[in-house]
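Student: Take this structure, written in structure tokens, and hold onto it; I'll ask about it next.
What follows draws every value from the coordinates through simple rules; no lab data is involved. Quantities reported herein were computed from a predicted structural model and do not represent experimental measurements. FYI the Cβ positions are ideal-geometry reconstructions off the backbone, even for glycines, and counts take in every protein chain you see.
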Amino acid sequence: MLNWTIEKIAAFLGGEIVGSRDLTISGLAKINEAKPGEITFLANPKYVKFAAETNASAIIVGKEFEASDKTVIKVQDPYLAFMTLAKEWADKDPHVDPGIHPTAVIAPDVTLGANVRIGPHVVIGKNSRIGANSILHAGVVIGDHVTIGRDCLIYPRVSIREYCRIGDRVILQNGAVIGSDGFGYAFHEGQYHKIPQTGIVTLEDDVEIGANTTIDRAALGETRIARGCKIDNLVQIAHNVQVDDHSAIAAQVGISGSTQVGKYVRIGGQAGFVGHIKIGDKAIVGAQAGVTKGIPENAFYSGYPARENMKAKREEASLARLPELLKTFRRLAARVEALESRLAEQKPHRSDSDEEHT
Amino acid sequence: MLNWTIEKIAAFLGGEIVGSRDLTISGLAKINEAKPGEITFLANPKYVKFAAETNASAIIVGKEFEASDKTVIKVQDPYLAFMTLAKEWADKDPHVDPGIHPTAVIAPDVTLGANVRIGPHVVIGKNSRIGANSILHAGVVIGDHVTIGRDCLIYPRVSIREYCRIGDRVILQNGAVIGSDGFGYAFHEGQYHKIPQTGIVTLEDDVEIGANTTIDRAALGETRIARGCKIDNLVQIAHNVQVDDHSAIAAQVGISGSTQVGKYVRIGGQAGFVGHIKIGDKAIVGAQAGVTKGIPENAFYSGYPARENMKAKREEASLARLPELLKTFRRLAARVEALESRLAEQKPHRSDSDEEHT
Amino acid sequence: MLNWTIEKIAAFLGGEIVGSRDLTISGLAKINEAKPGEITFLANPKYVKFAAETNASAIIVGKEFEASDKTVIKVQDPYLAFMTLAKEWADKDPHVDPGIHPTAVIAPDVTLGANVRIGPHVVIGKNSRIGANSILHAGVVIGDHVTIGRDCLIYPRVSIREYCRIGDRVILQNGAVIGSDGFGYAFHEGQYHKIPQTGIVTLEDDVEIGANTTIDRAALGETRIARGCKIDNLVQIAHNVQVDDHSAIAAQVGISGSTQVGKYVRIGGQAGFVGHIKIGDKAIVGAQAGVTKGIPENAFYSGYPARENMKAKREEASLARLPELLKTFRRLAARVEALESRLAEQKPHRSDSDEEHT
């Protein structure tokens, strides 16, 4: 059971206490879920109203925050401070015993770095290398000729296929598949013929891959997820896709073959991309977007087919008015017809001028 | 080989036979797929025509069903009766031997209830508890400090991460992941920093989770699937999501962080939800809907962005008429222009009154 | 390290060399990615411009290809020739040792064909059969009473449930689940009651299933993927679905219960299908389509709800013009109103004829 005094927390965060110093904290929680004895934080001005309502015993706030009934700790960046505290208090048990579990099956020529932890029933194929301090949980299957860097965390039941390369500090959540065959066939004489998928997958340093996400090996060359990218659960990355540094991809996104995603791109959940297109740096793609062509740098695209977000929103708003427009249109057409009849009736009176002008 | 007389079936179901009693039944099937010797059922009036055409030897029908050439068994609720029979006849082999397979790796302080069955290569981490009669199939990986209730059925290759809590009679289909880290990062100085995901997942009693579905642990607190919920395959449930009692979620749905789904909600396949919204009790969400804001109780929403279903359908129908409208509009504009020209021509005749009014 | 002379390659492919014969080739690559020393191919006329720019040392081209600076090998079908070469040069290591790994758990009455390879920690249930030359990678779990044909390739962590039937030359990518329970419940007195899923899954000859794809067993009868079908990653196939010969289904598609997909159908990524509909032979379904009713043979459907592709595209194009239409419409309505006012002013001059006609 955690028990830090508010003074110990303030000292740890380098913050200033305003309010009662006679407090012991037993946990942390979000502002609207916290219970007495817990500390929370306030970073988003949208949540200021919760500062009065929260059951938390203390709040980490920004320097500019005004007095409150609660004890607060004032810091530069409340979110970062809260996160630092969360990391300090987080579960530090690696949940895998040191060394190699006797049920693991490791090919004789595998190279293991210092302090590697290998859980029960792990399999590591021939000529593979695992860097120092990396942790492989129960049931992980590593193929032949795979390289895994230092300080990696590979959760239960991940599988990594032959020849793939994993950088340092990579985290793979449960059930992720790295290096399955790409979906490549030649249709010939009434059947599909499999095209050998002879490339690999490269995950660079600091990449995290979500649970049951699948990343296909390249047909030729490599499928590459560059350093710092974060990919959520159940995402599909097809063969030869390139995702550049520090991009973030939410759950259930699908990216088709050979598409290139730039740096610092953010992609919302369930978005889909056709193959062979290029998404510019810092582009944002909305959830469920259907991306059928390239997206320029810094653009925000959404909808199906994906288009500039303001344009998509304008069209959606217009669509909501379309049923009414159809009715109004019919009435307007009737009014025009009435006008035409009226003018037709006038004709006898102006038959001469009519002829003159036609 | 199954062989029940029609009289044994009628007695078992508490139903009344109309037609020949000289029948032995060897299996059950859907009305349009049944073969001679099989029994089927008729619950949906839409399928009445199949009653004459089916190859089944007997049909379970409602009390009000009128005579047929076939032997029928009349019951209160034909679907329920059929299901009762299906359960009675279903494969009752648990497909896991009694006791603990010698290849399972179980931490010394694990608590196992009576009659637990543990298959080959199962791993159970320290301080975990498995309730009586629960069955863990081959290759299941249970982390440290996990609690699993009684009468659970956990299929091959499921993994449950540290500290998660599973109720009684829970069924987890193959490859489901319970308790993977939520997708939480703080972007700071050009990179994403992982926020520790220190919460858990709670699955309450009678929940069923589909194959390769992923349910992320909370950042803080719990991700909760309440009692009686049924979740299909390849669904993504993000951190801190709450799904209330007896809701049903079809395949490939994605629910973003902290969204709350009410009781008795039904969600169609591939629908997606943004985070931090609330879906009211008994709401229905159509397949592929993109839900961008909260939904009231009892409402039926569909489309992208999700809106009241009748409104969405009306807009879709209007859209189908839009190409024609654009053409008709151009013609109408031309007619208005013609009218304007005509009136302009009249001007010379009415120059005095024109001046008067402009 | 691969080292074939260009003459050896030409002889192997039955092609004709035009250009320098003094070349040794060390690998193959796509035309825009090839490096010196590699051979590439040119099949798509769209890429002709790359023939001059490529860094490849040689190109496999069609008979009609005109002279180039590069050495070329002329063949009937450049793509097929390249693929033949790729197969010849592909990794032929099965990555599983011959025989049965000592950690595999195989029920005593299992039948194994000649030359079967079984990797570490594989589990095979009672009364199952594995055909000759089939390879089961590490961590595969095969249930009881399963039949697997000859020359199958089953990658790590696949699970196949009880009674399912797999044909010859079937490939299952990592983490695929064959035979999980279908999503079938009867709602009765406030709760869902599970309907036993007593059917099976049949995968016929030459089927390939992608990573983490899930194929549910039938409620009754079978879920059937017919011969030659190719299914990509993270696809959901519900209970009692039928997919006919040689259809191809891209990643993250979801097909609901009892839907029938014809022969030679092609389905784009993330498309979804309601249950109980029929998709005609050779139909094409666009990516992300939401298919709510049957599709005729040879049709190309797309969008949500899915409709004939040209119609969908026309409607999407119209939608892009709708915001402008709404503005123009308001202006037109104002012009009609102006015309009406003008005619109303004329009334006094024509009061007699007006009365006459109203």
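Student: Which of the lysines could be linked to A:Lys49 by a straight reach, that is with a Cα gap under 24 Å, when you skip same-chain ones fewer than 8 residues away?
Tutor: A:Lys30, A:Lys35, A:Lys63, A:Lys70, A:Lys74, B:Lys278, B:Lys293
Student: Nearest 500 deg cm²/dmol is fine: what mean residue ellipticity at 222 nm does chain C get from its DSSP H runs of n ≥ 4 alone, each adding -39,500 (n - 2.57), divided by its residue count?
Tutor: -6500 deg cm²/dmol
Student: What is the pair-distance distribution P(r) of segment A:100-311, computed from all Cα-Cα distances in 10 Å bins starting at 0, with each bin given as a whole percent?
Tutor: Going out from 0 Å in 10 Å bins, segment A:100-311 shows 10, 35, 30, 18, 6, 1, 0 percent.
Student: Need one number for segment C:4-89: average projected area of the convex hull over its C-alpha atoms, nm².
Tutor: Convex hull of Cα atoms, orientation-averaged projection: 4.6 nm².
Student: Using a cut-off of 10 Å between beta-carbons, work out the net charge of the residues near C:Asn233 (Lys and Arg +1, Asp and Glu -1, C:Asn233 not included).
Tutor: My count for the surroundings of C:Asn233 gives -3.
Student: Running a GNM on chain A with Cα contacts under 10 Å, which residue among A:Gln76, A:Gln270, A:Gln236 ends up with the highest mean-square fluctuation?
Tutor: A:Gln76
Student: Mind sorting C:Phe183, A:Phe329 by how few other Cβ atoms lie within 10 Å of their own Cβ, fewest first?
Tutor: Going from least to most buried by this count: A:Phe329, C:Phe183.
Student: Amide H of C:Gly27: which non-local residues (sequence gap of 5 or more, or other chain) have their own amide H closer than 5 Å, using H built in the peptide plane?
Tutor: Answer set, sorted by chain and number: C:Ile39.
Student: Explain nothing, just compute: Karplus ³J(HN,Hα) = 6.51 cos²θ - 1.76 cosθ + 1.60, θ = phi - 60°, for every residue of segment A:197-211 in order, whole Hz, x for Gly and Pro.
Tutor: Whole-Hz 3J(HN,Hα) from phi for segment A:197-211: 9, 9, x, 9, 10, 10, 10, 7, 4, 6, 7, 10, 10, x, 4.
Student: Please identify, among A:Ile106, A:Ile60, A:Ile279, the residue showing maximal mean-square fluctuation in a Gaussian network model of chain A using a 10 angstrom Cα cutoff.
Tutor: Evaluated over chain A, the most mobile residue of the options is A:Ile60.
Student: How big is segment A:114-176 by the Kirkwood estimate over distinct Cα pairs, in Å?
Tutor: It is 11.0 Å.
Student: On a 0 to 90° scale, report how tilted helix B:78-89 is relative to the longest principal axis of chain B, with both axes built from alpha carbons and the result rounded to the nearest 10.
Tutor: Taking Cα atoms only, the helix is inclined about 40 degrees.
Student: Here's something else I'd like to know. Per residue of C:193-206, count partner chain C-beta atoms within 10 Å of its C-beta, then hand back the mean as an integer.
Tutor: Shielding by partners across C:193-206 averages 3.
Student: Can you tally the net charge around C:Ala186? Count Lys and Arg as +1, Asp and Glu as -1, for every other residue whose Cβ sits under 11 Å from the Cβ of C:Ala186.
Tutor: 0
Student: What is the Cα convex hull volume of segment B:32-129 when expressed per residue in Å³?
Tutor: Once divided by residue count, the hull of segment B:32-129 is 162 Å³.
Student: Between beta-carbons, use under 11 Å as the cut-off and find the net charge around B:Pro296, counting Lys and Arg +1, Asp and Glu -1.
Tutor: 0
Student: Determine the principal axes of the Cα atoms in segment C:201-346, then give the extent along each, sorted from largest to smallest and rounded to whole angstroms.
Tutor: Taking max minus min along each principal axis of the Cα atoms, segment C:201-346 gives 82, 26, 25 Å.
Student: Under a point spin-label approximation (7 Å from Cα along Cα-to-Cβ), what is the C:Tyr47-B:Ala90 distance to one decimal in nm?
Tutor: 5.1
Student: Further question: Considering the Cα positions of the protein assembly as shown, please state its Rg to one decimal place and its Dmax as a whole number of Å.
Tutor: 33.3, 110
Student: Now for a separate question. Quick one: if the Förster radius is 45 Å, what FRET efficiency do B:His276 and C:Ala186 give, using the C-beta to C-beta distance and rounding to 0.05?
Tutor: Computed FRET efficiency for B:His276 and C:Ala186: 0.85.
Student: Further, regarding this structure: Just want the ordering: B:Ser68, C:Ser302, B:Ser318, from fewest to most Cβ atoms lying within 10 Å of their own Cβ.
Tutor: In order of increasing Cβ crowding within 10 Å: B:Ser68, B:Ser318, C:Ser302.
Student: Here's something else I'd like to know. Under a crude label model (7 Å from the Cα following the beta-carbon direction), how far is A:Phe300 from B:Asp97 in nanometres?
Tutor: Placing both labels 7 Å along Cα→Cβ, they lie 6.1 nm apart.
Student: Rounded, prolate or oblate: which one fits chain B, using the alpha carbon gyration tensor with axes a ≥ b ≥ c (rounded when a/c is under 1.5, else prolate when a/b beats b/c, else oblate)?
Tutor: oblate
Student: May I pose another question? Dividing the alpha-carbon Rg of segment C:192-245 by 2.2 N^0.38 Å yields what?
Tutor: In units of the 2.2 N^0.38 Å rule of thumb, it is 1.15.
Student: Pick from C:Tyr163, C:Tyr79, C:Tyr301: which residue has the top mean-square fluctuation in a GNM of chain C where Cα pairs under 10 Å get a spring?
Tutor: C:Tyr79
Student: Using only alpha-carbon positions, what ratio does the radius of gyration of segment C:204-284 give when scaled by 2.2 N^0.38 Å?
Tutor: In units of the 2.2 N^0.38 Å rule of thumb, it is 0.93.
Student: 7 Å from Cα along Cα→Cβ at both B:Thr328 and A:Glu340: what's the point-to-point distance in nm?
Tutor: About 1.3 nm, to one decimal.
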